[in-house]
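Novice: Here it is, the structure in full.
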Amino acid sequence: MGIPGRYVKEEELKRMAGVIEYKPTAKYAYSAGQALSVFLKGLREGKIVGRTCNSCRRIMVPPREFCEYCHSPAGEWVELPGTGRVETASVSYISARRAKLREPEVVAIIRLDAPGYRGDEPDFPGIFHRLCGVTEEEVKGGKVFGARVRPRWRPEGERRGSITDIECFERW
Amino acid sequence: MNKRGSHGEVAHVEGEMEVEKYVYPPGTLGERVAEALLEGKLLGIKCGNDLLVPARPYCPDYGRGELVEVQGPWTVESYTIIYKDMRGERLKEPQVIALLKPEGAQGGLIHYLKAEKVFVGLKARPVFKPREERRGVLSDILYFIPVE
Ligand SMILES: [Zn+2]
């Protein structure tokens with residue numbers, strides 16, 4: 001006894017009764033929550049806001065309501081200068097929707113300057129963002145790693161309380 | 001929609017995730033059910049003394065069952081009134097969605113119901129689209145209407 005069923009050619013599928021073709025819509029509504037909302041509001045004002053853990057004293061960016069390491073409530077809010085260093089970077093040749101980009105994009109993890117941090121901690125407040133003014137070769141050759149960068153903010157009227165209120169990070 | 005939280009306004013983000021189109025063939029048993037729908041018939045599966053609706057490839061207790069046409073009337077087991085479509089858009093007119101069970105069967109179908117007066121226990125029958133518009137899917141049935 002074989003497996004029930006049979007092979008169906010694509011042409012046949014078009015004529016077959018009972019075939020369902022559907023493209024689902026996956027709309028969502030997401031609440032940013034208590035702490036992340038403060039972060040987003042900060043971006044609209046051109047600020048990067050973090051929050052200190054009362055117990056281990058680390059600074060969390062984006063801020064949270066509690067530290068997931070210590071499970072203790074978060075404490076005071078900290079406004080960071082926004083400057084930092086490129087921790088690691090990568091070149092992307094496709095968009096978020098998988099379309100080929102005309103110009104490759106450089107994305108990076110930025111280690112943000114923060115009070116109490118030396119700059120070599122394995123755990124640090126950081127941000128994942130685009131780099132502008134950096135070439136593909138500089139990334140591939142590793143030259144961009146460690147570069148000093150700062151956020152390039154969009155003009156005040158164009159900010160919407162989103163991570164894209166920062167256009168990119170640029171060298172200075 | 002934004003609400004106040006412990007540190008001020010709580011931000012709210014709306015978006016849409018990208019999902020690909022899919023094509024779902026009915027399968028071995030589904031094909032026979034689909035072809036019956038083209039003929040304006042609904043099939044169930046006879047498992048011993050039980051009739052299961054909708055039809056499925058196997059009976060829970062008897063192995064393979066026998067496909068049979070479901071005879072009415074259908075009884076409204078439960079219903080609800082909807083005011084918005086799947087995308088959240090307001091409907092022109094509210095619609096009744098009912099769970100309908102054919103006489104002597106286990107299970108049933110969820111479908112539109114058009115009736116002056118809707119109540120649990122109402123006897124109904126399906127109204128099919130014209131033959132040339134049917135595609136072998138459940139939406140070949142436009143809605144159920146009360147049996148006179
Ligand atoms: Zn902590």
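The values are calculated or read from the model by the stated rules, or taken from the named source; none is laboratory data. These numbers come from a predicted model, not from an experiment. Cβ: placed from backbone, ideal geometry, glycine included. Neighbour counts: every protein chain shown.
Novice: (1) in contact with a Lys or Arg (Cβ under 8 Å, 6 or more places away or on another chain); (2) surrounded by fewer than 17 Cβ atoms within 10 Å (Cβ to Cβ); (3) modelled with pLDDT of 95 or more; (4) closer than 30 Å to A:R58 by Cα: which one isn't true of A:Y93, the others all being true?
Specialist: Condition not satisfied by A:Y93: (4).
Novice: Just for the stretch A:60-72: of the residues that are buried (at least 18 other Cβ atoms within 10 Å of the Cβ) and farther than 26 Å from A:C132 by Cα, which one is nearest to the ligand (Cβ to nearest atom)?
Specialist: A:C67
Novice: Of the residues A:A96, A:A89, A:A114, which single one is within 16 Å of the ligand (Cβ to nearest atom) and of a type outside the set (V, I, T)?
Specialist: A:A114
Novice: Can you say whether A:I48 is within 16 Å of the ligand (Cβ to nearest atom) and buried (at least 19 other Cβ atoms within 10 Å of the Cβ), as far as the supplied structure shows?
Specialist: no
Novice: So if I check each of B:Y143, B:Y112, B:Y79, which one is of a type in the set (S, T, Y), more than 19 Å from B:V33 (Cα to Cα) and free of Cβ contacts under 8 Å to residues at least 40 places away in the same chain?
Specialist: Step by step, each of B:Y143, B:Y112, B:Y79 is checked, and only B:Y112 is of a type in the set (S, T, Y), more than 19 Å from B:V33 (Cα to Cα) and free of Cβ contacts under 8 Å to residues at least 40 places away in the same chain.
Novice: While we're looking at this one, here's another question. Given (1) within 14 Å of another protein chain (Cβ to nearest Cβ); (2) near the ligand (Cβ under 10 Å from one of its atoms); (3) part of a loop (DSSP other than H, G, I, E, B), identify the lone condition not met by A:G75.
Specialist: Failed condition: (3).
Novice: When you scan the stretch A:123-133, do you find a residue that is in contact with a strand residue (DSSP E or B) (Cβ under 6 Å, 6 or more places away or on another chain), part of a loop (DSSP other than H, G, I, E, B), within 23 Å of A:E170 (Cβ to Cβ) and within 16 Å of the ligand (Cβ to nearest atom), even just one? Outline the logic, then answer.
Specialist: Within the stretch A:123-133, the first condition is being in contact with a strand residue (DSSP E or B) (Cβ under 6 Å, 6 or more places away or on another chain), and the residues that meet it are A:124-133.
Adding the requirement that they be part of a loop (DSSP other than H, G, I, E, B) leaves A:124-125, A:133.
Still in the list and also within 23 Å of A:E170 (Cβ to Cβ): A:124-125, A:133.
Subsequent filtering for residues that are within 16 Å of the ligand (Cβ to nearest atom) retains A:124-125.
For the stretch A:123-133, residues in contact with a strand residue (DSSP E or B) (Cβ under 6 Å, 6 or more places away or on another chain), part of a loop (DSSP other than H, G, I, E, B), within 23 Å of A:E170 (Cβ to Cβ) and within 16 Å of the ligand (Cβ to nearest atom): present.
Novice: I want to confirm something. Restricting to the stretch A:96-122 and keeping residues that are within 20 Å of the chain's Cα centre (by Cα) and assigned to a loop (DSSP other than H, G, I, E, B), which single residue is farthest from A:R57 (Cα to Cα)?
Specialist: It comes out as A:A99.
Novice: What residue, of A:G42, A:G2, is at pLDDT 95 or above, farther than 27 Å from B:V19 by Cβ and more than 7 Å from chain B (Cβ to nearest Cβ)?
Specialist: Of A:G42, A:G2, the one residue that is at pLDDT 95 or above, farther than 27 Å from B:V19 by Cβ and more than 7 Å from chain B (Cβ to nearest Cβ) is A:G42.
Novice: Residue by residue through the stretch B:3-54, note down the ones that are more than 22 Å from the chain's Cα centre (by Cα), in a loop (DSSP other than H, G, I, E, B) and surrounded by fewer than 12 Cβ atoms within 10 Å (Cβ to Cβ).
Specialist: Selection gives B:S6, B:E18, B:V19, B:E20, B:G48, B:N49.
Novice: Here's something else I'd like to know. Of the numbered conditions (1) more than 12 Å from chain B (Cβ to nearest Cβ); (2) loosely packed, with under 10 Cβ neighbours inside 10 Å, A:G84 fails exactly one; give the number of that condition.
Specialist: Single failed check for A:G84: (2).
Novice: Do we find a residue being within 16 Å of the ligand (Cβ to nearest atom) and more than 7 Å from chain B (Cβ to nearest Cβ) anywhere in the stretch A:12-32?
Specialist: no
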